[in-house]
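Trainee: Dropping the structure in here first, questions after.
The values are calculated or read from the model by the stated rules, or taken from the named source; none is laboratory data. Worth saying up front: this structure is predicted, and the values here are computed from it rather than measured. Note: ideal-geometry Cβ built from the backbone for every residue, glycine included; neighbour counts use all protein chains shown. Ligands, DNA and RNA are stripped out before the accessible areas are found, and what is left, the full protein with its side chains, is counted by its heavy atoms. Shrake-Rupley method; radii C 1.70, N 1.55, O 1.52, S 1.80 Å.
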Amino acid sequence: MSAHTHYTGLINRYRDRLPVSDNTRIISLNEGNTPLIKLNNIPRMIGKDVEIYVKFEGLNPTGSFKDRGMTMAITKAVEAGSQAVICASTGNTSASAAAYAVRAGIKAFVLIPEGKIALGKLAQTLMYDATIIQISGNFDKGMALVKEVADHAPVTIVNSINPFRLEGQKTAAFEIIDDLGDAPDYHCLPVGNAGNISAYWKGYKEYSTDSETHKAVTKKRPIMCGYQAAGAAPFLAGKPIEHPETIATAIRIGNPQSWDYAWAAQKESGGWFDKFTDDEILAAQKLLAQYEGIFCEPASAISIAGALHNIGTGEIPEGSRIVCTLTGNGLKDPDTAIKQCAAAHPVTIDAELNAVKKAILDNM
Ligand SMILES: *Cc1c(COP(=O)(O)O)cnc(C)c1O
């Protein structure tokens, strides 16, 4: 009678398309299976005939899409006998690595840029009890150090240069096609280290290609639109940049490690890169919260800023179906949110009926 459908994570759901065997011990926190939410109010507000869906990756176990890659990376590290993992991180990778390392019973070392990590991400990483190595340098410097130290210490790198990360992350594209019944016309997402755009493109290609083991699920692939912060836009500059700067700390990266894969995604899909200012990013973050009830972190909001810009210019034409990835949860970065809403700080009133009644009627 009853159908038991306890979801147990993306590796189990997509195991026939992932590098695991029957004997692999799966390290999972039931990540993936995130909601694809259709925006109702914003398309109406902008007066355009478009379907916009957001893939809310902020609802993963540690609050970002990094968990998709981490379940695979830690599973494979444990399978290979590793006792410790290491990553450089702008925050979300460290939180995810720390959580999955705990789950596996191994150690996590995380290198973070001093003072440039959102409060929620730091809180998580501390709670999961990872060893935090704070450096007086940015993410790119941390990444270079991690690559070096991995040759000198018994640690497995779990940044997205670890190919198992992209394997896990490609499942987001599978979920979107499984939910919509087909690929969208456009896929919009933030680009920092460029692992995610590479992983999505890998997933879309795999679902649209006949192989020995699988028939194509669809022939269709989306056009990939990758967005960067104006102060951290190496793909727009055509080369790495030395001093990336943006309020969207998750994409404060000047030397993306998946450079070639991301260019391939852009070229093969017929897509493009674009850049947006911090003000545009924050405006999109507020818009999404205020009009749709969805609170994502600043870096994630650039996918909305970009999609709305490209819809406005006609680069994304009316009649299109668009998916925007919301990479992380707004609760990760409470400081930025509270600062942005400073003008709307709550006023304190007397704790009595008439004062509360007045506060309601004044604000109807
Ligand atoms: C990691 C991250 C990004 C950037 O993803 P890349 O794969 O590095 O391009 C964007 N947003 C959030 C919230 C992230 O955690």
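Trainee: If you take the residues of the range 206-237 that are free of Cβ contacts under 8 Å to residues at least 40 places away in the same chain and assigned to a helix (DSSP H, G or I), which of them is farthest from ALA307 (Cα to Cα)?
Mentor: Step one: filter the range 206-237 for residues free of Cβ contacts under 8 Å to residues at least 40 places away in the same chain, giving 207-212, 215-216, 219-220, 234, 236-237.
Subsequent filtering for residues that are assigned to a helix (DSSP H, G or I) retains 207, 234, 236-237.
Working: TYR207: 24, PRO234: 20, LEU236: 17, ALA237: 21 Å.
For the range 206-237, the residue satisfying everything is TYR207.
Trainee: For the range 289-364, please list each of the helices (runs of 4 or more DSSP H) lying entirely inside it that holds at least 1 residues being within 21 Å of THR246 (Cβ to Cβ). Break it down into steps so the answer makes sense when it comes.
Mentor: Details: elements: 298-313, 334-340, 353-362.
Answer list for the range 289-364: 298-313, 334-340.
Trainee: Inside the range 144-164, can you point out the residues that are within 16 Å of the ligand (Cβ to nearest atom) and more than 18 Å from the chain's Cα centre (by Cα)? Please lay out each step first, then the result.
Mentor: The first filter runs over the range 144-164 and keeps only residues within 16 Å of the ligand (Cβ to nearest atom), leaving 144, 146-147, 157-164.
Answer for the range 144-164, where residues must be within 16 Å of the ligand (Cβ to nearest atom) and more than 18 Å from the chain's Cα centre (by Cα): ALA144, VAL146, LYS147, ILE157.
Let's see how each residue does on (1) more than 21 Å from the chain's Cα centre (by Cα); (2) free of Cβ contacts under 8 Å to residues at least 24 places away in the same chain:
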position	(1), (2)
ARG13	no, no
LEU18	no, no
LYS38	no, yes
LYS48	yes, no
ARG68	no, no
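Trainee: Can you give me the number of residues within the range 110-139 that are crowded, with 21+ Cβ neighbours inside 10 Å, over 12 Å from LYS332 (Cβ atoms) and away from the ligand (no atom under 12 Å from the Cβ)?
Mentor: 6
Trainee: Let me ask something additional. Take ILE106 and decide whether it is within 16 Å of the ligand (Cβ to nearest atom) and either on the phi < 0 side of the Ramachandran plot or touching a Phe, Trp or Tyr at 6+ places or on another chain (Cβ under 9 Å) (or both). Reasoning before the result, please.
Mentor: Working: within 16 Å of the ligand (Cβ to nearest atom): no; either on the phi < 0 side of the Ramachandran plot or touching a Phe, Trp or Tyr at 6+ places or on another chain (Cβ under 9 Å) (or both): yes.
Taking the combined requirement at face value, the residue does not satisfy it.
Trainee: Could you tell me whether any residue of the range 335-355 is under 27 Å from GLU175 (Cβ atoms) and touching a residue at least 12 places away in the same chain (Cβ under 8 Å)?
Mentor: Step one: list which residues in the range 335-355 are under 27 Å from GLU175 (Cβ atoms), which gives none.
No, the range 335-355 has no match at all.
Trainee: Out of the residues in the range 57-88 that are hydrophobic (A, V, I, L, M, F, W, C) and in contact with an Asp or Glu (Cβ under 6 Å, 6 or more places away or on another chain), state the one that is most open to solvent (accessible area, probe 1.4 Å). Don't jump to the end; show me each part of the working.
Mentor: Here is the first cut: in the range 57-88, the residues hydrophobic (A, V, I, L, M, F, W, C) are 59, 65, 70, 72-74, 77-78, 80, 84-88.
The next check asks that each one be in contact with an Asp or Glu (Cβ under 6 Å, 6 or more places away or on another chain); those that pass are 65, 72.
Numbers: PHE65: 21, MET72: 0 Å².
Among residues in the range 57-88 that are hydrophobic (A, V, I, L, M, F, W, C) and in contact with an Asp or Glu (Cβ under 6 Å, 6 or more places away or on another chain), the one most open to solvent (accessible area, probe 1.4 Å) is PHE65.
Trainee: If a residue has to be among the β-branched types (Val, Ile, Thr) and either crowded, with 23+ Cβ neighbours inside 10 Å or within 16 Å of the ligand (Cβ to nearest atom) (or both) to count, how many in the range 195-216 make the cut? Show your work before the answer.
Mentor: Taking the range 195-216 first, the residues among the β-branched types (Val, Ile, Thr) are 197, 209, 213.
Cutting the leftovers down to either crowded, with 23+ Cβ neighbours inside 10 Å or within 16 Å of the ligand (Cβ to nearest atom) (or both) gives us 197.
Here the count works out to 1.
Trainee: Hey, any hits in the range 283-297 for a residue that's more than 11 Å from the ligand (Cβ to nearest atom), open to solvent by 60 Å² or more (accessible area, probe 1.4 Å) and within 17 Å of the chain's Cα centre (by Cα)?
Mentor: yes
Trainee: Out of the residues in the range 154-164 meeting the condition of being in a loop (DSSP other than H, G, I, E, B) and out of contact with any strand residue (DSSP E or B) (no Cβ under 8 Å at 6 or more places or on another chain), tell me which one is most open to solvent (accessible area, probe 1.4 Å). Steps first, please.
Mentor: First, pick out the residues of the range 154-164 that are in a loop (DSSP other than H, G, I, E, B): 154-155, 158-162.
From what's left, out of contact with any strand residue (DSSP E or B) (no Cβ under 8 Å at 6 or more places or on another chain): 160-161.
Numbers: SER160: 12, ILE161: 64 Å².
Among those residues, the one meeting the criterion is ILE161.
Trainee: Let me ask something else about it. For the range 165-189, give me the residue count where each residue is within 12 Å of the ligand (Cβ to nearest atom) and either more than 15 Å from the chain's Cα centre (by Cα) or open to solvent by 10 Å² or more (accessible area, probe 1.4 Å) (or both).
Mentor: Looking only at that region, the number is 1.
Trainee: Mind listing just one residue for me: the one in the range 116-145 that is part of a loop (DSSP other than H, G, I, E, B) and touching a residue at least 60 places away in the same chain (Cβ under 8 Å) and, of those, farthest from GLU245 (Cα to Cα)? So that I can check it myself, show each step before the final result.
Mentor: The initial filter retains those residues of the range 116-145 that are part of a loop (DSSP other than H, G, I, E, B), namely 116-118, 128-130, 136-138.
From what is left, the residues that are touching a residue at least 60 places away in the same chain (Cβ under 8 Å) are 116-118, 138.
Values: LYS116: 10, ILE117: 13, ALA118: 14, ASN138: 10 Å.
The extreme case among them is ALA118.
Trainee: Quick one: what pairs do we get from the range 258-271, first residue more than 12 Å from ALA199 (Cα to Cα) and in contact (Cβ under 8 Å) with a residue 24 or more places away in the chain, second of a type outside the set (A, V, I, L, M, F, W, C) and open to solvent by 60 Å² or more (accessible area, probe 1.4 Å), C-beta under 7 Å, 6+ apart or different chains?
Mentor: SER269/ARG221
Trainee: Out of (1) within 16 Å of the ligand (Cβ to nearest atom); (2) farther than 29 Å from ALA123 by Cβ, what's the single condition that is false for GLY312?
Mentor: The single condition GLY312 does not satisfy is (1).
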